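The values are calculated or read from the model by the stated rules, or taken from the named source; none is laboratory data. Owing to the predicted nature of the structure, the values given are computational and were not obtained by experimental measurement. Cβ atoms come from the backbone with ideal geometry, glycine included; neighbour counts cover every protein chain shown. Heads up: the accessible areas ignore ligands, DNA and RNA and are worked out on the full protein's heavy atoms, side chains in. Shrake-Rupley method; radii C 1.70, N 1.55, O 1.52, S 1.80 Å.
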Amino acid sequence: MGVVLKTEGEIELMHEANAIVHAVLDGIDERIAPGVTTYELDEWAESYIREQGAVPAFLNYRGFPATLCTSINDVIVHGIPGKHQLESGDIVGVDCGVRYKGYYGDSARTFAVGEVKPEAEQLMRITRQALELAVERVRPGARLSDIGHAVQEHVEAEGFSVVREFVGHGIGTSLHEDPQVPNYGAAGKGPRLKSGMVLAIEPMVNAGSRGVKVDADGWTARTEDGSLSAHFEYSVAVTKDGPRVLGASTLGL
Ligand code: MG
Ligand code: MG
């Protein structure tokens, strides 16, 4: 369908949608702990989103059964919330999307439950840094592949690997719009970024090899080798002044 450029007014609405998403992720940060279930987190997130006058974007999307994607340990993305209790040492990727006033917001963070191993801390830190480095490349005139290149370069320098089966995306009045935003590749290729584009940038990083397998539920995507995986995502507007991370005031998490 081609890339849809957004007006400043539309970007403001997308900022509001993403502010709701970030408030959900802040709430998850307060609530996540050993003994809590991802089902409980999902119930809270759905009611919070509806109280804001927004709608969960993932619920019933292509049949997905929940508000949040909750991806524990070796799950890369698209984990389904359930009644299994989280344990100290788990890492949990939480991805949240909402629709608000006709526009979508989509962001994700990976959380530590209790005390996690140094390797897990390192994986989360490098994935978050890869996202931040990618966001820094976002400006009018940059090339689309500069984003993925920044991610891949940072991740592989640390000995981790980038998942290729899932990619970031344009976002607006649809949850997934053109262009696709891979997390790998050479710099300086693909279309030039333009003011008014909004991109969901979302590195998925495995501690081991990059292989992916999907459970029989058709959703839960895991590392093939059983290693840990982390995921962070921002919805980012391209503005004449550079990147604007929607819904969040700073790059710090
Ligand atoms: Mg997402
Ligand atoms: Mg996304």
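Measure off, as a whole percent, the carbon and sulfur share of the 1.4 Å-probe accessible area of the chain, all protein chains present.
Looking at the chain in its full context, I get 47 percent from C and S.
One chain, two ends: Gln180 and Arg50. Fully extended at 0.36 nm per residue, the span grows by 43.9 nm beyond their Cα-Cα distance. If you model region 8-245 as an ellipsoid using its alpha carbon gyration tensor, with each semi-axis the square root of five times an eigenvalue, the axes come out at 26, 23, 15 Å, biggest first. The spread of Cα positions in region 61-159, taken along each principal axis and listed from longest to shortest, comes to 47, 41, 19 Å. With Cα atoms as the point set, region 1-72 shows a radius of gyration and Dmax of 14.3, 45 Å.
Dividing the Cα radius of gyration of region 83-213 by 2.2 N^0.38 Å, with N the residue count, gives 1.11. Of the trypsin sites (Lys or Arg not before Pro) found in region 154-253, the ones in coil according to DSSP and having at most 13 other Cβ atoms within 10 Å of their Cβ are Lys189, Lys194, Lys240. Between Ala33 and Glu165, the contour length at 0.36 nm per residue exceeds the alpha carbon distance by 44.5 nm. Accessible surface for the chain, divided over its residues, is 42 Å² per residue with a 1.4 Å probe.
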